[in-house]
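The structure appears below as structure tokens.
The values are calculated or read from the model by the stated rules, or taken from the named source; none is laboratory data. Bear in mind the structure is a predicted one, so any value in this text is a computation, not a measurement. Ideal geometry is used to build each Cβ from the backbone, glycine not excepted, and the neighbour counts take in all protein chains shown.
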Amino acid sequence: MRVGIVGGGMMGVSIGYFLSQQGAEVEIYEASSRLGGLADTITLEDGVPVDRFYHVILSSDSHLRQLCEELNIADRLRFRETRMGFYHQGKIFSMNNMVEFLRFPPLGWADRFRLGLTVLYAQFVRDWRHLEGTSVEEWLVRLSGRRTFESIWRPMLRAKFDGGFENTPATYIWARLVRMKSTRKGISQKEEAGHLIGGYMTLVEAMTGQIEARGGKIHLRCPVEEIVMKDGRAIGLRAGQDVYPYDAIVVALQIPIFRRLIPDADPSYRDFLGKTDYLGVICPLLVLDRPLTGFWTLNITDDRIPFTGIIETTTYIDPEFVGGHHLVYLPKYTLPGSPWQRKSDEEIREIWLQHLEAMFPHFDRRWIRYFLVHREQYVEPLHGLNSTHLIPQVKTPVKNLYLATTAQIYPALTNSESVTRHARRVDQAILEKSPTPIPLSPEAAARMATVDTLA
Ligand SMILES: Cc1cc2nc3c(=O)[nH]c(=O)nc-3n(C[C@H](O)[C@H](O)[C@H](O)COP(=O)(O)OP(=O)(O)OC[C@H]3O[C@@H](n4cnc5c(N)ncnc54)[C@H](O)[C@@H]3O)c2cc1C
């Protein structure tokens, strides 16, 4: 079977790897000059490669760890105990273990108890479909109480959804609580975060090495412009003037891009695809000569600060692996049409730095080695209340054409653990096999009680 894959991000490359393992002849078409997509690295002016966006591997990411074993790169995984905190009313609070949690000063005893119960309760929800029609606000107020919602949850949700979270189902926070709890172990509830030396590109390169060793091909700087169809079936893909024929085509892209590639598909299918929106991101990377917060993640509960949180990845990546730099990411998620995306890099830099200076009075701009603003339009699919029927299936109405996209991973969060898991199921759908059960951790089992979008 000859399979053409459009998109060389984590999804496209993983599907290529799994398909080539099963004997398919695979060719991947990637628009840019490098593979990796959102998980790619950039090279700093001093020649050091670093993650363009912050990427963490949790100790509970069992599928990803198994994949690293299989590819003989598990020795490049590194994990460290990390710390999480809150920036609340001008102060930093560590929220790292039970004792700190029980002492968390911004909340009273009763509220802290209810917050703890919220986290625990989420672990026991087995059927997420019950949460699909409940708004995140209704669920959190019911469990944590109105005061905690207003002081902690509302500002965090506003930040994540660029102000507009009203139509978001409770599944969003449930999946997040389950994932974050999964990495916290034992009575101490200490958390571990990790990375691959070289970033996720180490994994992407290991998979492409195997694809090429089995005769597969990677075409870089090769944007696909159209999926060519005949009599209701996909027969090839067009890049520039050339059409390349395949037995099956897998599009591993975000839905709006996929939609543009199929002008000849049934208009009702194209209308259906037009219903999914995405969060975008503006994510400055601050490269410093010293640590800033000491926290892996500092959640911000102050509406006036434009960034969602402060993520210092060199709390779990030893700076020796990134040229001795300290890497701090300051993401701002954006709704489609957000005025923030129209601001220039210079404006973003100035606004961001002024807020950092207000938060950390000792912060000095002379610590900055580089300040790089990265942006993307399609980062996280937005899923509204009761809208699973809007998730497109892997098998499209066009014969021999498959769509593998992060929107199908719902309600799990989109990260490389869930993307590579999904990729394995997609490859089985293409080869018309019944899915092989993938060993699941108990946490993953809860999370992966997902819609079977392969039906
Ligand atoms: C700020 C941020 C933080 C994140 N944090 C984490 C984290 O901590 N842990 C984690 O595991 N994950 C994290 N993720 C998520 C992770 O990066 C994504 O889930 C994953 O990379 C999605 O991969 P993908 O292949 O589906 O999409 P993409 O990475 O977007 O890949 C799509 C590829 O298709 C290419 N393409 C587009 N159009 C065409 C065309 N016409 N023809 C050919 N090629 C085309 C693009 O250039 C791109 O390379 C984060 C993402 C962001 C943005």
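What are the pairs, 6+ residues apart or on separate chains, where a residue within region 23-44 that is closer than 14 Å to Met10 by Cα and in contact (Cβ under 8 Å) with a residue 60 or more places away in the chain has its Cβ under 9 Å from a residue that is among the hydroxyl-bearing types (Ser, Thr, Tyr) and assigned to a strand (DSSP E or B)? Filtered contacts from region 23-44: Tyr29/Tyr244; Arg34/Thr41.
Cβ-Cβ contacts under 7 Å between residues 6 or more apart (or on different chains), taken from a first residue in region 412-428 that is closer than 16 Å to Ala39 by Cα and assigned by TED's automatic domain parsing to the domain that holds Ala39 to a second residue that is of a type in the set (D, E, K, R) and away from the ligand (no atom under 11 Å from the Cβ), are listed as Leu413/Arg176. For Pro411, the criteria (1) touching a strand residue (DSSP E or B) at 6+ places or on another chain (Cβ under 9 Å); (2) at pLDDT 95 or above; (3) not charged (D, E, K, R) hold in every case but one, which is (2). Within the bounds of region 384-405, is there any residue that is modelled with pLDDT under 90, away from the ligand (no atom under 16 Å from the Cβ) and touching a Ser or Thr at 6+ places or on another chain (Cβ under 7 Å)? Looking through region 384-405, none of the residues is modelled with pLDDT under 90, away from the ligand (no atom under 16 Å from the Cβ) and touching a Ser or Thr at 6+ places or on another chain (Cβ under 7 Å). Can you find a residue in region 341-352 that is touching a residue at least 12 places away in the same chain (Cβ under 8 Å) and under 22 Å from the mean Cα position of the chain (by Cα)? Yes, the conditions are met somewhere in region 341-352. Within region 215-233, restricting attention to residues that are of a type in the set (D, E, K, R) and more than 10 Å from the ligand (Cβ to nearest atom), the residue that is nearest to Glu27 (Cα to Cα) is Lys217. On the basis of being in contact with a Phe, Trp or Tyr (Cβ under 7 Å, 6 or more places away or on another chain) and either among the basic types (Lys, Arg) or within 16 Å of the ligand (Cβ to nearest atom) (or both), does Arg103 make the cut? No; evaluated as a whole, the condition is false for this residue.
Mind checking which helices (runs of 4 or more DSSP H) fall wholly inside region 195-289 and carry at least 2 residues that are touching a strand residue (DSSP E or B) at 6+ places or on another chain (Cβ under 6 Å), in contact (Cβ under 8 Å) with a residue 40 or more places away in the chain and not acidic (Asp, Glu)?
The qualifying helices (runs of 4 or more DSSP H) are 201-213, 255-261.
Taking region 1-23 on its own, how many of its residues are of a type in the set (A, V, I, L, M) and at pLDDT below 95?
1
Residues that are hydrophobic (A, V, I, L, M, F, W, C) and touching a residue at least 40 places away in the same chain (Cβ under 8 Å) were ranked within region 140-166; the one that is surrounded by the fewest Cβ atoms within 10 Å (Cβ to Cβ) is Met156.
Checking Pro319, Pro306, Pro291 one by one, the residue that is out of contact with any helix residue (DSSP H, G or I) (no Cβ under 9 Å at 6 or more places or on another chain), more than 30 Å from Val398 (Cβ to Cβ) and not aliphatic (A, V, I, L, M) is Pro319 and no other. From the list Arg103, Arg34, Arg52, the lone residue that is within 19 Å of Ile311 (Cβ to Cβ) and out of contact with any helix residue (DSSP H, G or I) (no Cβ under 7 Å at 6 or more places or on another chain) is Arg52.
Taken together, the residues in region 187-209 that are surrounded by 15 or more Cβ atoms within 10 Å (Cβ to Cβ), among the polar types (S, T, N, Q) and more than 16 Å from the ligand (Cβ to nearest atom) amount to 1. Glu212 meets all of the listed conditions (1) within 16 Å of the ligand (Cβ to nearest atom); (2) surrounded by fewer than 19 Cβ atoms within 10 Å (Cβ to Cβ); (3) under 28 Å from Glu376 (Cβ atoms) but one, namely (1).
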